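Peer 1: Have a look at this one.
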Amino acid sequence: MKSQVRVAVIGGGVVGASVLYHLTKLGWTDIALIERSELTSGSTWHAAGGFHTLNADTNMAALQGYTINLYRELEQISGQACGLHHVGGITLATTPERMDYLKAERAKHQYMGLHTEIIGPEEIRKLSPITNTNGVIGGLYDPLDGHLDPYGTTHAYAIAAKKQGAEIYLHTKVEALNPRPDGTWEVVTNKGNLFAEHVVNAAGLWAREVGRMVGIELPLHPMEHQYLVTDEIPEVYNHGSELPHVMDPAGESYLRQEGRGLVIGFYEQRCDPWAVDVTSWDFGHELLPNQLDRISESLEIAWARYPVLAKAGLKTIINGPFTFAPDGNPLVGPVGGLRNFWSACAVMAGFSQGGGVGLTLAEWMVEGEPSRDVFAMDVARFGKFATRAYTRKKVTENYQKRFSISFPNEERPAGRPLHTTPMYSVWKEQGAVFGQGHGLEHVNYFAPEGEPRYETPTFVRSNAFATVGEECRNVRDNVGINEIHNFSKFLVTGVKAREWLDEMMAGRIPEIGRLSLSPLLSPKGRIIGDFTISCLGENHFQLTASYGAQAYHQRWFEQHLPEAGVEIRNISLQRIGFQIAGPNARALLSKVTNINLSTEAFPFMSVRQGEVGLTDAIVQRVSYTGDQGYEIYVDNSQQLALYAALAEAGQAFNLKPFGMRAMMSLRLEKSFGSWLREFKPDYTPLETGLSRFVAYNKSAEFIGKAAALAEKAQGSKRKLTTFIVETDDADVHSDEPIWHNGKIVGSVTSGGYAHWAQKSVAIGFLPPELIQAGTQVEIELLGKKRKATVITEALFDPQRTYLRA
Ligand SMILES: Cc1cc2nc3c(=O)[nH]c(=O)nc-3n(C[C@H](O)[C@H](O)[C@H](O)COP(=O)(O)OP(=O)(O)OC[C@H]3O[C@@H](n4cnc5c(N)ncnc54)[C@H](O)[C@@H]3O)c2cc1C
């Protein structure tokens, strides 16, 4: 064993082996994988080995496509067979909703370069004659789906990595990890110690335990999972060619051929978290006892769907554990609060995702950032809110919903409410229907008396449609109040606060009493944040950005803090408040504040401190709805007092609350982008229009400046624009392809119904030459191409008179 390496990867499952291979691929060879037993000694050895591209997140689907396409390369480099069976796969739809979902997925696949197809029952029977298509409307066929040999594939990664310089230490258990003052690690093993510049936790079933060695609790949990292997079945081995996989979401099952028989696995409702709290180090190459009673209902459905199963003998039942994060996606990336400690954990589909996870982590370590937006699997999408109990509940829910449709408006109930603001019960009394983000409850809309307090998950317009319309119109006609809980808040202070912010942020840093909008850029000039910066005093700033990205931003700030002179505090849950927006906003606020609200004294994009009602407040003159509006922040202990003052004075102005659904509709009428929709690390300032907030000429060498200047000089091949879509039943959500003259020319970033303007709106990318008012395109929505027209002026207040009035 070496005494010093650049990277120590802990864990020789498929994920650790993939990380090792990808690090060598990107040129780091002084690296070692440490495995306590043999390779594949965790979940990997008993996996069913299936792989597929289908994933609700587009970039995750692309990374799954990358993984599957990698196997041939791996076989060539390593000389080790992966046991590939590219037999294709069909996902069945037995309900119109499932069919809509599959059509929407297929539409996205087209511009991702994946060649999936929607097929009917007859074609399904032709491809898989053992499938009974009673009740089947159609399916999605993916020629890339297939299965492989988990053992061979893991060894192929390992052999390829070794050929490229990596070392592998088997039967070596990491027992402790000690941080050293220079940010490197002492890795303590049962075979001696070594120093590593970086440590990667790819410990799979033991990832929680390895996390605890460095004082963190990773939000993941193992679940038991079962599949059955049948004896020989004549209809299978006489078929002539290998049968394709069939996923039957209605029966929560996946099926594939295995030799002369079949394998069928289940994501059953009566599922069991395994090894609650701790995975024993003694757990080895063993299986868990069968739990056939748990899958009895699913088995009956499977017998009806595949009648050959009913008469087939059973060869083996596999029941094994593997790990999940609360949302089912992996936990990848640098772990916040630690130096040079990386996560490659909670990979629940190692053979679909392992390659993508390895590539992403290697890019992050070697090149400083991944080549695409990977927020959906970034370990920082969870913050401290994800306690062990929360994780267990969410992981169970996610397992049960593994084959459920992810609807764009769906709010899943497990682990809620967790964080609430003092207003929670007040809103509840007013009929609030809640959603949650990053563990915090927020109001989506207010259900009128007598209507259900539940929004039906759907791809078309929901039961909240009319109500959200009324909330929007009251904002535009009178004044609305909304709680600003979708913002994170950071307080930046210290003698070097301004200087530091100038180097972090691409935009201008405002003077005292002013606000500025600023993109936060990565070194490659990609958008990693869209911030509002408020200057509250000399070297005293409040930053606001997306609530859900707070751990992601905190990790970034901490990585870039100087030794002294700057302090940053996340005050997202401490400093909360409201926005009021609409033509009556100023008149209302003037009744309850001692701040001079005249346009001269308090112009657009400024901030003042003063009293509002009984409270000490920070008031910002800005509005995300595009109306005359104010954001009012107070300490959370004063939120109810602030509300009481605004609600009482608001009676004279027809003040009504509105929720996040209305807010997202109103911003569409201003073509305002939002985080993870229009603004994310896949995109750049010039592409998204955020270039207008980039201070290209400022003297500070802000992060990403060189890349941003290069982009400015070169121009961009795509730009965001807004469309009016001709549709009357459903609105775009995201990632729908945009067609022009029979070719896909762009994709949608977000959209919805603009209730005040009474138009269906999409925001998306087009080549700049097509962005002219009136350009006709088609947007593929739920399998149908709908006409859409480019608009270049905001639907509401294009001259920005209300915003500034
Ligand atoms: C029944 C079943 C069926 C499945 N079917 C499929 C499927 O069809 N397709 C699919 O893609 N996925 C499937 N999976 C999931 C798949 O097995 C996992 O996604 C994958 O194995 C995760 O790999 P890993 O490398 O992250 O973790 P693991 O395989 O758990 O590997 C972790 C490794 O780390 C080592 N380790 C841990 N701690 C230490 C330490 N302190 N020191 C040294 N070494 C350590 C362990 O010994 C182990 O070898 C299935 C899982 C199960 C249980």
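Peer 1: State all residues of the stretch 259-279 that are assigned to a strand (DSSP E or B) and either open to solvent by less than 10 Å² (accessible area, probe 1.4 Å) or within 26 Å of Gly135 (Cβ to Cβ) (or both); if no residue qualifies, say none.
Peer 2: The answer is Gly261, Leu262, Val263, Ile264, Gly265, Phe266.
Peer 1: Report whether or not Phe765 is aromatic (Phe, Trp, Tyr), surrounded by 14 or more Cβ atoms within 10 Å (Cβ to Cβ) and part of a loop (DSSP other than H, G, I, E, B). Explain how you work it out, then say what you get.
Peer 2: Values: aromatic (Phe, Trp, Tyr): yes; surrounded by 14 or more Cβ atoms within 10 Å (Cβ to Cβ): yes; part of a loop (DSSP other than H, G, I, E, B): no.
No: the conditions fail for Phe765.
Peer 1: Here is a list: Gly358, Gly354, Gly320, Gly336. Which entry is of a type in the set (Gly, Ala, Ser), within 28 Å of Thr387 (Cα to Cα), part of a loop (DSSP other than H, G, I, E, B) and in contact (Cβ under 8 Å) with a residue 40 or more places away in the chain?
Peer 2: Working: Gly358 fails: part of a loop (DSSP other than H, G, I, E, B); Gly354 fails: part of a loop (DSSP other than H, G, I, E, B); Gly320 fails: part of a loop (DSSP other than H, G, I, E, B).
Being of a type in the set (Gly, Ala, Ser), within 28 Å of Thr387 (Cα to Cα), part of a loop (DSSP other than H, G, I, E, B) and in contact (Cβ under 8 Å) with a residue 40 or more places away in the chain holds for just one of Gly358, Gly354, Gly320, Gly336, which is Gly336.
Peer 1: Scan the stretch 154-173 and give yes if some residue there is open to solvent by less than 10 Å² (accessible area, probe 1.4 Å) and under 27 Å from Ile216 (Cα atoms), otherwise no.
Peer 2: At the first step, the residues of the stretch 154-173 found to be open to solvent by less than 10 Å² (accessible area, probe 1.4 Å) are 154, 156-158, 160-161, 166, 172.
Then drop every residue that is not under 27 Å from Ile216 (Cα atoms), which leaves 172.
Checked the stretch 154-173: at least one residue is open to solvent by less than 10 Å² (accessible area, probe 1.4 Å) and under 27 Å from Ile216 (Cα atoms).
Peer 1: Next question. Could you list all residues from the stretch 720-752 that are part of a strand (DSSP E or B) and within 23 Å of the chain's Cα centre (by Cα)? Please lay out each step first, then the result.
Peer 2: The initial filter retains those residues of the stretch 720-752 that are part of a strand (DSSP E or B), namely 720-725, 737-740, 743-752.
Once the filter is applied, which keeps residues that are part of a strand (DSSP E or B) and within 23 Å of the chain's Cα centre (by Cα), the stretch 720-752 yields Leu720, Pro737, Ile738, Gly746, Ser747, Val748, Thr749, Ser750, Gly751, Gly752.
Peer 1: Oh, and also: Could you check the stretch 768-791 and list, in sequence order, the residues that are among the polar types (S, T, N, Q), open to solvent by 70 Å² or more (accessible area, probe 1.4 Å) and either within 19 Å of Arg677 (Cα to Cα) or part of a strand (DSSP E or B) (or both)? Full working, then the answer.
Peer 2: If we filter the stretch 768-791 for residues that are among the polar types (S, T, N, Q), which is where we start, we get 772, 775-776, 789.
This time we only want the ones that are open to solvent by 70 Å² or more (accessible area, probe 1.4 Å), so: 772, 776.
Within the stretch 768-791, Gln776 is the sole residue that qualifies.
Peer 1: Would you pick out the residues in the stretch 15-47 that are within 12 Å of the ligand (Cβ to nearest atom) and closer than 22 Å to Leu114 by Cβ?
Peer 2: Start the filter on the stretch 15-47 by keeping residues that are within 12 Å of the ligand (Cβ to nearest atom), which leaves 15-20, 32-47.
Within the stretch 15-47, just Ser18 meets the criteria.
Peer 1: Considering every residue within the stretch 198-218, establish whether at least one is away from the ligand (no atom under 12 Å from the Cβ), touching a residue at least 40 places away in the same chain (Cβ under 8 Å) and within 18 Å of Ile31 (Cβ to Cβ).
Peer 2: Within the stretch 198-218, one or more residues are away from the ligand (no atom under 12 Å from the Cβ), touching a residue at least 40 places away in the same chain (Cβ under 8 Å) and within 18 Å of Ile31 (Cβ to Cβ).
Peer 1: Just to be sure I understand the filter: pairs with C-beta atoms under 7 Å, separated by 6 or more residues or on different chains, first member in the stretch 164-179 and touching a residue at least 24 places away in the same chain (Cβ under 8 Å), second member surrounded by fewer than 16 Cβ atoms within 10 Å (Cβ to Cβ) and acidic (Asp, Glu). Which pairs pass?
Peer 2: Once the first residue is touching a residue at least 24 places away in the same chain (Cβ under 8 Å) and sits in the stretch 164-179, its partners that are surrounded by fewer than 16 Cβ atoms within 10 Å (Cβ to Cβ) and acidic (Asp, Glu) give Leu170/Glu38.
Peer 1: Looking only at residues in the stretch 48-62 that are touching a helix residue (DSSP H, G or I) at 6+ places or on another chain (Cβ under 8 Å) and near the ligand (Cβ under 7 Å from one of its atoms), which one is most open to solvent (accessible area, probe 1.4 Å)?
Peer 2: So, considering only residues that are touching a helix residue (DSSP H, G or I) at 6+ places or on another chain (Cβ under 8 Å) and near the ligand (Cβ under 7 Å from one of its atoms), the one most open to solvent (accessible area, probe 1.4 Å) is Gly50.
Peer 1: Sort out which residues of the stretch 144-153 are among the charged types (D, E, K, R) and surrounded by fewer than 20 Cβ atoms within 10 Å (Cβ to Cβ), and write them in order of number. Walk me through it before giving the result.
Peer 2: If we filter the stretch 144-153 for residues that are among the charged types (D, E, K, R), which is where we start, we get 145, 149.
The answer is Asp149, and nothing else.
Peer 1: Still on this structure, I have one more. Looking only at residues that are more than 9 Å from the ligand (Cβ to nearest atom) and part of a strand (DSSP E or B) in the stretch 1-14, which one is farthest from the chain's Cα centre (by Cα)?
Peer 2: Residues of the stretch 1-14 that are more than 9 Å from the ligand (Cβ to nearest atom), as a first pass: 1-9.
Subsequent filtering for residues that are part of a strand (DSSP E or B) retains 4-9.
On the way: Gln4: 36, Val5: 33, Arg6: 30, Val7: 27, Ala8: 28, Val9: 25 Å.
Here the answer is Gln4.
Peer 1: Of everything in the stretch 227-267, what is closer than 21 Å to Ala93 by Cα and of a type in the set (Gly, Ala, Ser)? Give them in sequence order.
Peer 2: Ala250, Gly251, Ser253, Gly265
Peer 1: On the basis of being farther than 13 Å from Leu23 by Cα and open to solvent by 10 Å² or more (accessible area, probe 1.4 Å), does Ala376 make the cut? It would help to see each step written out before you state the result.
Peer 2: On the way: farther than 13 Å from Leu23 by Cα: yes; open to solvent by 10 Å² or more (accessible area, probe 1.4 Å): yes.
It is true that Ala376 is farther than 13 Å from Leu23 by Cα and open to solvent by 10 Å² or more (accessible area, probe 1.4 Å).
Peer 1: May I ask you to verify whether His85 is open to solvent by 30 Å² or more (accessible area, probe 1.4 Å), at pLDDT 95 or above and farther than 20 Å from Ala362 by Cα? Even if it seems obvious, please write down each step before you answer.
Peer 2: Working: open to solvent by 30 Å² or more (accessible area, probe 1.4 Å): yes; at pLDDT 95 or above: yes; farther than 20 Å from Ala362 by Cα: yes.
Judged against the criteria, His85 is a match.
Matching residues to (1) open to solvent by 30 Å² or more (accessible area, probe 1.4 Å); (2) modelled with pLDDT under 95; (3) within 27 Å of Met377 (Cβ to Cβ):
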site	(1), (2), (3)
Ala645	no, no, no
Lys656	yes, no, no
Ser674	no, no, yes
Val694	no, no, no
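Peer 1: Mind listing just one residue for me: the one in the stretch 187-199 that is over 32 Å from the mean Cα position of the chain (by Cα) and open to solvent by 50 Å² or more (accessible area, probe 1.4 Å) and, of those, farthest from Ser3 (Cα to Cα)?
Peer 2: Step by step, filter the stretch 187-199, then rank; the result is Asn190.
Peer 1: Answer yes or no as to whether Glu217 is in a loop (DSSP other than H, G, I, E, B) and either under 20 Å from Gly42 (Cβ atoms) or open to solvent by 50 Å² or more (accessible area, probe 1.4 Å) (or both).
Peer 2: Working: in a loop (DSSP other than H, G, I, E, B): yes; either under 20 Å from Gly42 (Cβ atoms) or open to solvent by 50 Å² or more (accessible area, probe 1.4 Å) (or both): yes.
Here the answer is yes, as Glu217 does meet what is asked.
Peer 1: Scan the stretch 220-241 for residues that are away from the ligand (no atom under 16 Å from the Cβ) and aromatic (Phe, Trp, Tyr) and report the count.
Peer 2: The qualifying residues number 1.
Peer 1: Check off (1) open to solvent by 30 Å² or more (accessible area, probe 1.4 Å); (2) away from the ligand (no atom under 12 Å from the Cβ); (3) within 23 Å of the chain's Cα centre (by Cα) for Gly65 and give me the number that stays unchecked.
Peer 2: The one condition Gly65 does not meet is (1).
Peer 1: Which members of the stretch 702-738 meet the condition of being in contact (Cβ under 8 Å) with a residue 60 or more places away in the chain and in contact with a Gly (Cβ under 6 Å, 6 or more places away or on another chain)?
Peer 2: Within the stretch 702-738, Gly704, Ala707, Ala708, Glu711, Asp731 qualify.
The values are calculated or read from the model by the stated rules, or taken from the named source; none is laboratory data. Just so we're clear, the structure is a prediction, and the values are computed from it rather than from any experiment. Neighbour counts are summed over all protein chains in view; Cβ atoms, including those assigned to glycine, are modelled from backbone coordinates with ideal geometry. For the accessible areas, the whole protein counts, side chains as well, though only heavy atoms, and no ligand, DNA or RNA atoms are used. Shrake-Rupley method; radii C 1.70, N 1.55, O 1.52, S 1.80 Å.
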